[in-house]
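Below: the structure, in structure tokens.
The values are calculated or read from the model by the stated rules, or taken from the named source; none is laboratory data. Predicted, not measured: the structure shown is a model, and the values here were computed from it. So basically every Cβ, Gly included, is an ideal-geometry build from the backbone, and we count neighbours across all protein chains shown. Side chains included, ligands, DNA and RNA excluded: accessible areas come from the protein's heavy atoms. Shrake-Rupley method; radii C 1.70, N 1.55, O 1.52, S 1.80 Å.
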Amino acid sequence: MSSSSSSSQWNESPTSTSEEQTLAKSLSIWPLDTYNVNLLNEVRHKQYTNPNPPLPIYDLVVIGAGAGGLVSSRQAARRGAKSCMISAELAGGDCLNAGCVPSKALLRCAKLVREAKKIVVQNNEYGISVTNSGKTSDDDANQMNVSIDFPKIMERMRKLRAHIAPVDGHARGDSLGTQTFQGRGVFTSPSTIEVVEHGQHLGAESNPILHFRKAVIATGGRPFVPDNISGLKEAPYTTNLSLFNLQQLPKRMVILGAGVVALEMAQAFASFGSEVTVLQRSRLLSRGDEEAAEAIKQTLEKEGVKFLSGVSVNEVTTIKEASNDDDLPLMSVSLSCAEHTEPISLDCECLLLALGRTANVDSLGLESAGVDFHPSKGILVNDFSQSVSNPDVYAVGDCVSDVFRLTHMSGEMAKVVVQNALFKGQWRLSSLVVPAVMYTDPEYATIGRIHVDENDNVVSPIENNEEVDVYKAELQHNDRAILDSSDKTSFVKILCKKGTGTIVGCTIVSSRAGEMINEVSLAMKHDISLEGVGRNIHSYPTLGEAVMGCGIQFINSRWETMN
């Protein structure tokens with residue numbers, strides 16, 4: 001199925017037009033260098049001719065071009081369906097453009113900075129010395145430090161993001177047989193969607209009208225911005241959408257929030273040299289394992305990140321706006337907190353809002369489609385990812401109420417939807433076993449239930465009033481961790497239904513937690529007991545042996561012994 005579309009290319013600065021520059025900034029992609037131009041030419045064509053005419057009817061129409069939209073539209077096409085995807089802004093969504101991909105590029109550079117700092121120390125334990133071939137005295141060698149080229153770090157991020165982009169681009173979708181429309185998808189009835197083309201208004205005669213048998217809403221989410229802080233809306237604050245456009249390293253960064261985005265970026269920018277202060281309303285990782293939160297906090301504090309707890313932000317004052325694209329603004333954040341009896345003010349060049357996300361459900365015509373939703377939580381669906389009020393409409397990803405807001409969750413929900421919507425499947429969201437990872441160093445990975453009680457062996461019940469047993473292996477005794485001089489405060493904690501080996505949850509703090517959690521995810525998905533995990537042979541020496549260590553604890557607690 002051909003898309004029959006055409007486009008023109010974006011231009012780099014300084015040859016780009018003012019219209020191009022304005023559009024790029026509105027899309028939160030800046031600067032218009034080679035790499036961002038390559039990105040935009042893949043995921044948001046400057047001028048685009050939508051398929052004309054559209055097909056008489058589509059088996060599946062998808063509104064949204066992030067992970068959920070890409071997987072559902074393309075998998076449907078691969079399986080023989082007539083499908084299309086409507087992309088309002090950037091294909092690839094937040095993950096490619098302003099989330100997983102660019103953040104991990106920065107985290108890699110930040111980790112390299114921390115590693116480099118270990119070897120510039122004279123007489124370090126590694127037996128590695130860095131020499132300065134241009135030194136004029138021995139004193140110069142003793143004063144070596146790690147210098148940061150922040151614009152180069154950001155350029156590397158843009159280069160790698162552009163390298164990944166073609167997988168999410170329009171051309172790739174065409175090659176797989178799904179049509180791509182650029183514009184804003186709006187329901188006009190329970191079975192039709194109007195594509196409001198860029199520059200047009202709803203109801204314009206030129207807008208394509210798409211008829212569908214089934215539709216998927218995959219519009220994602222956006223950063224939550226509180227409306228009760230004086231001066232915030234007028235301030236030049238930053239969210240994940242604009243953070244990766246920075247050209248200069250802010251001297252001071254204040255982060256409002258203490259979740260995954262907040263802590264990842266706090267560690268990264270502290271490593272680059274920013275003075276970072278994290279403002280916590282409650283404890284770190286408020287829904288996570290408290291022991292894990294404390295271990296990560298201690299690590300970040302050693303690296304220079306400051307934390308203020310029990311914070312209430314009263315006002316944000318804009319002292320100075322940025323004078324140009326290479327300049328940074330200056331703001332003052334007035335707050336009260338547990339550590340200070342009097343209100344305090346913090347000046348910063350970057351105020352990062354990392355307070356969670358709000359579902360994108362506005363201006364979609366959901367009322368016309370008969371689709372029930374919550375204005376901030378998102379689309380209301382049943383266990384088949386199907387609208388509770390319109391059986392022909394499904395929803396996936398961050399725009400759905402009460403699901404994990406993770407890229408891999410969006411992708412997996414998309415597979416559920418294709419099976420259920422097009423092939424009369426009965427795949428259930430409740431059957432999904434979903435791990436989550438925060439990519440600080442050490443990483444923090446969780447799945448299922450968490451340890452929330454201070455008792456040594458029992459966690460307060462979360463489901464069905466069932467108690468659990470806790471098995472914990474600390475990595476300070478793991479040979480690989482010892483040899484790597486890492487993971488001194490790391491651990492694996494596995495929860496089982498009390499008196500059984502049935503795994504119901506896991507928390508891992510480790511430099512490789514994101515890799516280690518997958519073994520536990522597999523065990524939970526396929527009902528492999530903790531004994532089975534313990535009897536699985538693990539390579540030596542690996543950090544993954546700590547997962548096996550929890551299993552061995554379970555086995556040892558049930559050993560037969562000789563009298």
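Table for the structure above
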| read-out | value |
| --- | --- |
| Packing-based ranking, highest mean first, of 84-93, 197-206, 524-533 given that Cβ atoms within 10 Å are counted | 84-93, 524-533, 197-206 |
| Spatial separation of Cα centroids for the stretch 62-98 and the stretch 181-204, in angstrom | 16 Å |
| Approximate shape of the stretch 14-75 as ellipsoid semi-axes (Cα gyration tensor, √5λ), whole Å, largest first | 29, 15, 9 |
| Two-site label geometry, Asp372 and Glu155: point separation in nm, points 7 Å out along Cα→Cβ | 5.5 nm |
| His163-Leu202 pseudo-label distance in nm [points 7 Å out on the Cα-to-Cβ vector] | 4.3 nm |
| Contour excess over end-to-end distance, with Cα ends at Glu466 and Lys233 and 0.36 nm allotted per residue | 79.3 nm |
| Under-5 Å amide H pairs with Tyr394, H placed in peptide plane, nonlocal only | Ala215, Val216, Ile217, Ser387 |
| Dipole magnitude (debye, nearest 20) for the chain, charges at Cβ of Lys, Arg, Asp, Glu | 1360 debye |
| Cα shape, the stretch 298-339, gyration tensor, a/c 1.5 rule | oblate |
| At R0 = 35 Å, FRET efficiency that the Cβ-Cβ distance of Ser312 and Asn123 yields, to 0.05 | 0.15 |
| Cα gyration tensor shape of the stretch 223-293, rounded if a/c is under 1.5, else prolate or oblate by comparing a/b with b/c | oblate |
| Which of Thr49, Thr180 is most accessible, then next, and so on - probe 1.4 Å | Thr49, Thr180 |
| Mean residue ellipticity (222 nm) of the chain, computed from DSSP H runs ≥ 4 via -39,500 (n - 2.57), nearest 500 | -9000 deg cm²/dmol |
| Relative packing of 347-355, 420-428, 319-327, which averages over residues the other C-beta atoms within 10 Å, highest first | 347-355, 420-428, 319-327 |
| Flagged links, alpha-carbon separation over 28 Å, of Lys297/Lys498; Lys320/Lys377; Lys117/Lys251; Lys25/Lys233; Lys82/Lys377; Lys306/Lys525 | Lys297/Lys498; Lys320/Lys377; Lys82/Lys377; Lys306/Lys525 |
| Calculated on alpha-carbon atoms, Rg and Dmax of the stretch 328-446 in Å | 19.9, 62 |
| Solvent-accessible heavy-atom area per residue, rounded to whole Å², over the stretch 147-246 at 1.4 Å | 44 Å² |
| Label-point separation in nm, Thr15 to Val146, each point 7 Å along Cα→Cβ | 3.9 nm |
